[in-house]
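Undergrad: Before I ask anything, here is the structure I am working with.
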Amino acid sequence: MAKRFSAILQLVLLLAVGYAIQMAMDAELINRYYAHVMTIMAIFVVGAVSLNLINGICGQFSLGHAGFMAVGAYTAAIITKNPDLILPAIFTGNIRFILATLLGGMMAALVGFMVGLPSLRLRGDYLAIVTLGFGEIIRILLLNWDFVGGASGYFGLARHTNFFAAFLLSIITITIIRNFIQSSHGRACISIREDEIAAETMGVPTTRYKVIAFVIASFFAGTAGSMMAHLTQMVTPASFTFILSIELLLMVVLGGLGSISGSIGAAIFLTYAAEALRAFRAYRMILYSLLLIFIMLFRPKGLLGNQELSLSLLRESFKNLRARWRRKKKDGITAAAE
Amino acid sequence: MKRKLSLVLVITMVLSLALTGCGNQPQAPAAPAAPEEIKIGSVFPVTGAIATFGQSSLNGTQLAFEEINNAGGVLGGRKLVLINEDNQSKTEETATAFQKLITQDEVSAILGSVASSHSLAGAPIAQAAGIPMLSPTSTNPRVTEVGDFIFRACFIDPFQGQVMAKFALETLGVTTAAMLVEQDSDYSKGLAEYFRKAFEAGGGTIVAEEGYKSTDTDFSTILTRVKATNPAVVFVPAYYGTVGPILRQAQAAEIDAVFLGGDGWDSDKLFELAGDAANGGFFSNHYSPDAGTPEVDAFLAAYQAKFNSVPDALAALAYDAAYMLAQAIDEAGSVEGAAIRDALAAISFTGVSGTVVFDENRNPVKSAVIIEIRDGKQVYKATVNP
Amino acid sequence: MTITQQILQQLINGISLGSVYALMALGYTMVYGIIKLINFAHGEVFMIGAFVGFFSITKLDMGFFPAMFTAMIFCAILGVLMERLAYKPLRNAHRVAALMTAVGLSMLFQNLALAHSWIGASAKGFPQVFPLRKFELMENVTISSDRILMLVIAIFLMIALQFIVHKTLMGKAMRAVSLDKDAARLMGINVDKTISFTFALGSSLAAAAGVLFALNYGIVVYQMGLLPGLKAFVAAVLGGIGIIPGAMVGGLLLGVTESAVSAAGGSMFRDAVAFAALIIMLLVKPTGLFGKNVREKV
C-alpha cells in the first residue's frame, strides 16, 4: 500500500513539474521555439517508446510506424475540425480534442490489427515489407480523398497541443507500456523475441501476443499523430513518411532494443541534435543511416542494450568503476613497490 | 519498479531541459554584434522530396541579396542577411523552422516556403507574430487567405489554368483535351482543376484525366489510355522533372497531340530530360527569356555567371520576391513588421516577371506569357493579361 | 484504338515493366534463398547500376553495351563489399539486426547519391543511345526497338543465370548452401565464397535491370530504386521466395497486373495493388506460387 502510494505521489509530482514548465511557457519565460521543440520531443517519446514495444520487446520489425501516426492524425483532425461529425457537437474544445485523440489512437489500433494479423501470423521478415507497403497505401488513399484536402493537406485545425498535453501523453504511454512489459503478456512477448520456436513449444500463443503488442503500439502511434497534427495545425499525406519511420527506428536502436528509458533518452537527444545541428541538415540522413548500420554491426541489441537507465544502475556502474579504479591503483602501488 | 520508472522520467526531463538550455548559450552574444544588418529568414527545402525546387529558390534569393548588398543594401546602407532554414520538404519541419526564425533569429520578414502545403503550415505562425511572409511560389489561393501579413509573388492556380485553357481554345482552336495530373502535388491538381473549368466553359471537352505520382517513372500505361481517346491537346501541369519523361514516353507511344503546361516546365533540364520530344509544346510562364527587358537580361546573365545554369521559374520568382521585399523595406523606411506589410500591400514593383501590384487578397496582378518550345529553345508566343 | 488493340498494347507495357521486376526479383530471391535476408539495399543497387551506366555513357563516352557491362561489374563488386562488410558479421545475430542494417544501407546509398554533386536531387535524362525505331505489330500496337532490346537482354540474362545455377560447379555450391549451410561446409564447399558469389550475381542482374530501365523510361534519379525494389521483392514472394523460376514468373505477373490496374483507370493505385497482392498472398499461400511448405527448423 505504501509503495503504491509513493508511486502515485511521484507521478503527481512529475505532472506538477510538467505543468510548471507549461506555465513558464505560457508566461514566455521559455521562448516559443523552445516550447515548440520540447513539445515535439514529448511526441517523439511517444512514437519511439511505442515502436520499441514492437521492435525491441517483441523482436519484430515494423517500418510503418509513421503510417499509424498518419491514421491517428487524420482521424483526430477530422473530428476536431468538423464540430458535429463522428462525435456529437456537445463535445467542444479540449474535451473534443482529447476524445478525438483517443479515437485516432483506436482507429490506428484497428488498422494495426488488420495489417498485423496477416503478416505477424508468419515467421520472418514479412512485417517489414507489409508495414512499408501499408505506409504507401495510406499515402495514396489520403491523396485521393478530397474530403481531407488530397495533396494540399487538411488544414485550419485549432492549436490544441501544448507542451503539457504532449508531456501527459508521453507519461501515460510510458506507464502503460512499462506495465504491459512487466505483466505476463510482456514476458510472453520477450520470450518470442528471444526464441520464437521455443516460446511456441512452451505453449505461448505467439501470433496472439505479437498482434496484441502491435495493436497497442499502433494505438499510441495514432495518439502521437493526433498531437502532431494539432501542433502544426495541419496534416498532409507527406507529413508521415518512411523517413519518419526510420527516424523513430533510429531512436529505438540508439536507446537500446527493449529499453524504454533508452528510447526516451534517444528521442529527446535526436530531436535536440536535429535542432542544434541545423546547418548540417543535408548530411543528416547519411549520418543517421551510418549510425544505424554501425550500431547494428557492433551492438546488435542497440547502443545501450536492453538495460533500463536508473539510479541503481548508475550507482552500480559507479561502484564498478570505483572498484576498477581502486584495483588499478592497488596494482599500480604493488607494481611500484616491486 | 514504479519508483524506478519515475526516476527515469525525472532524469530524462531534467536532461531535456538541460539540453534545450544549452542551446541558448551560443545564440546570446550574436545579437548585438552587427546592429545595422537586417535579418531575413527563408524556409526553402534543400533536402527531401522537393529539394530541387528549394535549391532553385534559394539560388534566386541568394543572387538577389548579393546584388542588393553590393549596390549598397537597403535603408541607406544596411545589408541584408539571409538565414535559410531547410524544412526537409516536410510540413512539421516548416512550422518548426518558422518558429525558430521568428523567435530565435528575430528576422524581420520571411521568404517562403515553396510548396503551398508548407506555406500553409508556416503562415499562421508568421501571421500571429506579425512578421510579413512572402512566398515566391505557393500557388494555392488559400495561402494568402491566412491573414494580412501573407503575400505571394506568383500566379495563383486559377489564373494559369485559365490562361492555358483559353490559349488551347482560341489560339490553337481545339475542342478536346486530356490531362495528366500529378496527384501528390497541389500545384498540379490546382492548375488542372481550373484548366478543366475554363476549358469546359469555353465549349471544350476533357476526354481523359489520368493521375500519377511524382515518384512514378513509367507512364506508358496512362499514355496508352490517353492515346485511345485521341485528344487534340494534352495538358501536363507539373514540374520538368516528371514532364520530361512523360513527353519522351509520349513520343515513344506515338501520341500526336500538342502538349501544354504551366510555369513548372520552365527549365533547361526539360530539354535534357525530354530530348526532341519537348518540341512543339507550349507553356505559360512569368517572363520570356527573349523578352528583351533589362531586368530579364541582367538576371539571366548574372544567374548564368553565378550558378553556371539557366534559371527556372522558381529561381526567377524567388529573385523577384527578394527584390520586392527589399523595395518594401526601403519604402517602409523601417524593419518593423506592420510597416513592411503596408509597404508590400501598396507596392508597385518591376522585376524579371514584369510589373506587379497586389490585389486585395495580396495576390500579384501581373500578366503571363506563353512560350513555345521550338528546336530545343523557348520562343515567345503571346502575352496574356489578367 | 479498339479495345483489343488497347489490351495488346497494355500487355506489352506490362511485360516490359515485368521484365525489369523479374531481373531484380532474381537478386532478392537468390540472396534470401541463401542467407534468409531481405536485402533492402537491392533497390539502391539497381539505382547505382543505372547511374554507373549513365555516367559511363555521358562522361566516358562508352557505347551502351560496354556501359551496361561496366555497371554490372561495378555493382557485382559493390554487392560483394556490402555482404562482406555489413551482412557477414551479422550472419549469426538476430535476424532483425541484419534487416535493420539492410534498411540502413538502403538509406545510406540513397542519401549518398542525393548528396553527391554528380547526382543530386534532380532527375536526369538518360541519353537516347539508339535511334528510336518502332515496329507495328498490328494497327495501333507498337513496340519500340529499346523495348525489344530490353526484353531480349532480360531473357538472355535469365537463361544465363539458369545455366550458371544448374550447370556449373559454383551453381551447384549455391544450391547446396541454400539447402543446408552446415552440411555444405562439411562437404568441403567454401560457404563464404559461395555467398559472395550469390551477391555478385544478384547485384549485377539488378545493375543490368537499372540500365535497361533507364534506357526505356528515359530517366535516372536517386530514388528510382525505392519502389521498383519493393515491388521486385513482392514479385519474389509471389513466385515463392528462394525459388529462381518463381521470381521470373512473379516479376512478369506483377508487371502485367500493375499495368492492367493502370489500364483500367486505377493508375493511382498501381503501387497499392502490388502491396495488396503481397498481403493476399501471405494470407492464402505464404510460400508463393511455386513454393513448397517447409517447416521451420530449430
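The values are calculated or read from the model by the stated rules, or taken from the named source; none is laboratory data. Nothing here was measured: the structure is a model prediction, and the numbers come from that model. Positions of Cβ are backbone-derived with ideal geometry, glycine not excepted, and every protein chain shown enters the neighbour counts.
Undergrad: Condition first: away from chain B (no Cβ under 12 Å) and either polar (S, T, N, Q) or touching a helix residue (DSSP H, G or I) at 6+ places or on another chain (Cβ under 8 Å) (or both). Now tell me which residues in the stretch A:20-46 satisfy that.
TA: A:Gln22, A:Val46
Undergrad: If you check B:Glu85 against the conditions, is it of a type outside the set (Gly, Ala, Ser), in contact with a Lys or Arg (Cβ under 8 Å, 6 or more places away or on another chain) and under 24 Å from A:Thr271 (Cα atoms)? Give the derivation first.
TA: Values: of a type outside the set (Gly, Ala, Ser): yes; in contact with a Lys or Arg (Cβ under 8 Å, 6 or more places away or on another chain): yes; under 24 Å from A:Thr271 (Cα atoms): yes.
Judged against the criteria, B:Glu85 is a match.
Undergrad: Please enumerate the residues belonging to the stretch A:268-284 that are within 11 Å of chain C (Cβ to nearest Cβ) and under 23 Å from A:Val49 (Cβ atoms).
TA: Correct list: A:Arg284 only.
Undergrad: Ok, one more. Could you list, in sequence order, all residues of the stretch A:200-235 that are within 14 Å of chain B (Cβ to nearest Cβ) and modelled with pLDDT under 90?
TA: To start, the set of residues in the stretch A:200-235 that are within 14 Å of chain B (Cβ to nearest Cβ) comprises A:224-235.
Listed by number, the residues that qualify are A:Thr232, A:Gln233, A:Met234.
Undergrad: Could you say which residue among C:Leu227, C:Leu205 is within 12 Å of the chain's Cα centre (by Cα), within 14 Å of chain B (Cβ to nearest Cβ) and among the hydrophobic types (A, V, I, L, M, F, W, C)?
TA: Of the residues listed, the single one that is within 12 Å of the chain's Cα centre (by Cα), within 14 Å of chain B (Cβ to nearest Cβ) and among the hydrophobic types (A, V, I, L, M, F, W, C) is C:Leu227.
Undergrad: Select from the stretch A:307-336 the residues that are at pLDDT below 70 and not in a helix (DSSP H, G or I) and list them in ascending order.
TA: A:Leu309, A:Ser310 - these are the residues of the stretch A:307-336 that are at pLDDT below 70 and not in a helix (DSSP H, G or I).
Undergrad: Only one of these is acidic (Asp, Glu), without any contact (Cβ under 8 Å) to a residue 12 or more places away in the chain, more than 30 Å from B:Ala277 (Cα to Cα) and touching a strand residue (DSSP E or B) at 6+ places or on another chain (Cβ under 7 Å): B:Asp320, B:Asp342, B:Asp359. Name it. So that I can check it myself, show each step before the final result.
TA: Numbers: B:Asp320 fails: without any contact (Cβ under 8 Å) to a residue 12 or more places away in the chain; B:Asp342 fails: touching a strand residue (DSSP E or B) at 6+ places or on another chain (Cβ under 7 Å).
None of the others qualify; the one that does is B:Asp359.
Undergrad: Looking for something surrounded by fewer than 18 Cβ atoms within 10 Å (Cβ to Cβ) and over 18 Å from the mean Cα position of the chain (by Cα) - is there at least one such residue anywhere in the stretch B:314-329? Write out each step before concluding.
TA: Keep residues of the stretch B:314-329 that are surrounded by fewer than 18 Cβ atoms within 10 Å (Cβ to Cβ), which gives none.
No, every residue in the stretch B:314-329 fails to be surrounded by fewer than 18 Cβ atoms within 10 Å (Cβ to Cβ) and over 18 Å from the mean Cα position of the chain (by Cα).
Undergrad: Tell me which residues, restricted to the stretch B:347-356, are closer than 16 Å to B:Pro132 by Cα and either buried (at least 22 other Cβ atoms within 10 Å of the Cβ) or free of Cβ contacts under 8 Å to residues at least 12 places away in the same chain (or both).
TA: none
Undergrad: Are any residues in the stretch C:80-102 more than 7 Å from chain A (Cβ to nearest Cβ) and closer than 13 Å to A:Ile246 by Cα, and if so, which ones?
TA: Result: C:Ala102, single match.
Undergrad: Taking the residues in the stretch B:209-235 that are over 28 Å from B:Ala49 (Cα atoms) and more than 7 Å from chain C (Cβ to nearest Cβ) as candidates, determine which candidate is surrounded by the most Cβ atoms within 10 Å (Cβ to Cβ).
TA: Step by step, filter the stretch B:209-235, then rank; the result is B:Val233.
Undergrad: Could you look through the stretch B:130-142, keep only residues that are more than 13 Å from the chain's Cα centre (by Cα) and modelled with pLDDT of 90 or more, and pick out the one that is surrounded by the fewest Cβ atoms within 10 Å (Cβ to Cβ)?
TA: B:Gly130
Undergrad: Quick one: in the stretch A:43-64, which of the residues that are within 9 Å of the chain's Cα centre (by Cα) and not β-branched (Val, Ile, Thr) is farthest from C:Ile38 (Cα to Cα)?
TA: First, the residues of the stretch A:43-64 that are within 9 Å of the chain's Cα centre (by Cα): A:43-53.
Right, trim to not β-branched (Val, Ile, Thr) and you get A:44, A:47-48, A:50-53.
Values: A:Phe44: 28, A:Gly47: 25, A:Ala48: 24, A:Ser50: 24, A:Leu51: 21, A:Asn52: 21, A:Leu53: 22 Å.
Restricting to residues being within 9 Å of the chain's Cα centre (by Cα) and not β-branched (Val, Ile, Thr), the top hit is A:Phe44.
Every residue, every condition in (1) in contact (Cβ under 8 Å) with a residue 12 or more places away in the chain; (2) crowded, with 24+ Cβ neighbours inside 10 Å, yes or no:
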| position | (1), (2) |
| --- | --- |
| B:Ile68 | yes, no |
| B:Asn84 | yes, no |
| B:Gly112 | yes, yes |
| B:Ala128 | no, no |
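Undergrad: Out of C:Ile12, C:Ile38, C:Ile3, I need the residue that is on the phi < 0 side of the Ramachandran plot, surrounded by 23 or more Cβ atoms within 10 Å (Cβ to Cβ) and within 10 Å of another protein chain (Cβ to nearest Cβ). Which one? If you could, list the steps in order and put the result at the bottom.
TA: On the way: C:Ile12 fails: surrounded by 23 or more Cβ atoms within 10 Å (Cβ to Cβ); C:Ile3 fails: surrounded by 23 or more Cβ atoms within 10 Å (Cβ to Cβ).
Only one candidate passes the filter, namely C:Ile38.
Undergrad: Considering C:Gly291, C:Gly250, which residue is more than 10 Å from every other protein chain (Cβ to nearest Cβ), touching a residue at least 24 places away in the same chain (Cβ under 8 Å), part of a loop (DSSP other than H, G, I, E, B) and of a type outside the set (A, V, I, L, M, F, W, C)? Before you say what the answer is, go through the steps one by one.
TA: Values: C:Gly250 fails: part of a loop (DSSP other than H, G, I, E, B).
That would be C:Gly291, the only listed residue that is more than 10 Å from every other protein chain (Cβ to nearest Cβ), touching a residue at least 24 places away in the same chain (Cβ under 8 Å), part of a loop (DSSP other than H, G, I, E, B) and of a type outside the set (A, V, I, L, M, F, W, C).
Undergrad: Go through the stretch C:114-159 and give me each residue that's within 14 Å of chain A (Cβ to nearest Cβ) and crowded, with 22+ Cβ neighbours inside 10 Å. Break it down into steps so the answer makes sense when it comes.
TA: Of the residues in the stretch C:114-159, the ones within 14 Å of chain A (Cβ to nearest Cβ) are C:114-117, C:119-121.
Across the stretch C:114-159, the qualifying residue is only C:Ala121.
Undergrad: Let me ask you something else. Within the stretch A:236-267, how many residues are more than 10 Å from chain B (Cβ to nearest Cβ), hydrophobic (A, V, I, L, M, F, W, C) and within 19 Å of A:Arg139 (Cα to Cα)?
TA: Number satisfying all stated conditions: 3.
Undergrad: Continuing with the same structure: Is at least one residue of the stretch B:266-282 among the basic types (Lys, Arg) and under 22 Å from the mean Cα position of the chain (by Cα)?
TA: Kept after step one, since they are among the basic types (Lys, Arg), are these residues of the stretch B:266-282: B:269.
Those left that are additionally under 22 Å from the mean Cα position of the chain (by Cα): B:269.
For the stretch B:266-282, residues among the basic types (Lys, Arg) and under 22 Å from the mean Cα position of the chain (by Cα): present.
Undergrad: Given the structure, is A:Ile95 of a type outside the set (Phe, Trp, Tyr), out of contact with any Asp or Glu (no Cβ under 7 Å at 6 or more places or on another chain) and either in contact (Cβ under 8 Å) with a residue 24 or more places away in the chain or not assigned by TED's automatic domain parsing to the domain that holds A:Tyr33 (or both)? Give the derivation first.
TA: Details: of a type outside the set (Phe, Trp, Tyr): yes; out of contact with any Asp or Glu (no Cβ under 7 Å at 6 or more places or on another chain): yes; either in contact (Cβ under 8 Å) with a residue 24 or more places away in the chain or not assigned by TED's automatic domain parsing to the domain that holds A:Tyr33 (or both): no.
Judged against the criteria, A:Ile95 is not a match.
Undergrad: Moving to a separate point now. When the residues of the stretch C:253-266 are narrowed to those that are within 11 Å of chain B (Cβ to nearest Cβ) and not in a loop (DSSP other than H, G, I, E, B), which ends up surrounded by the fewest Cβ atoms within 10 Å (Cβ to Cβ)? Steps first, answer last, please.
TA: Looking only at the stretch C:253-266, we keep the residues that are within 11 Å of chain B (Cβ to nearest Cβ), and these are C:255-256, C:258-266.
Pick out the ones that are also not in a loop (DSSP other than H, G, I, E, B) and you get C:255-256, C:258-263.
Working: C:Gly255: 24, C:Val256: 21, C:Glu258: 26, C:Ser259: 26, C:Ala260: 18, C:Val261: 22, C:Ser262: 29, C:Ala263: 24.
Filtering first and then ranking leaves C:Ala260.
Undergrad: Here is a follow-up. So for the stretch B:302-311 (the condition being surrounded by 24 or more Cβ atoms within 10 Å (Cβ to Cβ), more than 12 Å from chain C (Cβ to nearest Cβ) and touching a Leu at 6+ places or on another chain (Cβ under 8 Å)), does at least one residue qualify?
TA: Going residue by residue through the stretch B:302-311, those that are surrounded by 24 or more Cβ atoms within 10 Å (Cβ to Cβ) are B:311.
Then drop every residue that is not more than 12 Å from chain C (Cβ to nearest Cβ), which leaves B:311.
Subsequent filtering for residues that are touching a Leu at 6+ places or on another chain (Cβ under 8 Å) retains B:311.
Yes, the stretch B:302-311 has at least one match.
Undergrad: Identify, from the list A:Ile171, A:Ile197, the residue that is surrounded by fewer than 24 Cβ atoms within 10 Å (Cβ to Cβ) and facing chain B (nearest Cβ under 10 Å). Spell out the reasoning first.
TA: Numbers: A:Ile197 fails: facing chain B (nearest Cβ under 10 Å).
The unique qualifying residue is A:Ile171.
Undergrad: Right, next: Can you confirm whether A:Leu132 is hydrophobic (A, V, I, L, M, F, W, C), free of Cβ contacts under 8 Å to residues at least 40 places away in the same chain, under 30 Å from A:Gly302 (Cβ atoms) and within 14 Å of chain C (Cβ to nearest Cβ)?
TA: Working: hydrophobic (A, V, I, L, M, F, W, C): yes; free of Cβ contacts under 8 Å to residues at least 40 places away in the same chain: no; under 30 Å from A:Gly302 (Cβ atoms): yes; within 14 Å of chain C (Cβ to nearest Cβ): yes.
Here the answer is no, as A:Leu132 does not meet what is asked.
Undergrad: Further question on the same structure: Give the number of residues within the stretch C:180-235 that are closer than 30 Å to B:Arg248 by Cβ and among the hydrophobic types (A, V, I, L, M, F, W, C).
TA: 21
Undergrad: Being part of a loop (DSSP other than H, G, I, E, B) and of a type in the set (Phe, Trp, Tyr) is the filter here; which residues of the stretch C:79-138 pass it? Write out each step before concluding.
TA: Filtering the stretch C:79-138 down to residues part of a loop (DSSP other than H, G, I, E, B) leaves C:91-94, C:116-123, C:126-133.
Within the stretch C:79-138, C:Trp118, C:Phe126, C:Phe130 meet the criteria.
Undergrad: Among the residues of the stretch C:250-276, write down those that are under 22 Å from C:Gly240 (Cα atoms) and touching an Asp or Glu at 6+ places or on another chain (Cβ under 9 Å).
TA: Result: C:Glu258, C:Ser259, C:Arg270, C:Asp271, C:Ala272, C:Val273, C:Ala274, C:Phe275.
Undergrad: I've got another one for you. Among the listed residues C:Phe233, C:Phe213, C:Phe290, C:Phe269, which satisfies the condition of being buried (at least 24 other Cβ atoms within 10 Å of the Cβ) and either over 15 Å from the mean Cα position of the chain (by Cα) or closer than 30 Å to C:Leu132 by Cβ (or both)?
TA: Values: C:Phe233 fails: either over 15 Å from the mean Cα position of the chain (by Cα) or closer than 30 Å to C:Leu132 by Cβ (or both); C:Phe290 fails: buried (at least 24 other Cβ atoms within 10 Å of the Cβ); C:Phe269 fails: buried (at least 24 other Cβ atoms within 10 Å of the Cβ).
Sole residue among the options that is buried (at least 24 other Cβ atoms within 10 Å of the Cβ) and either over 15 Å from the mean Cα position of the chain (by Cα) or closer than 30 Å to C:Leu132 by Cβ (or both): C:Phe213.
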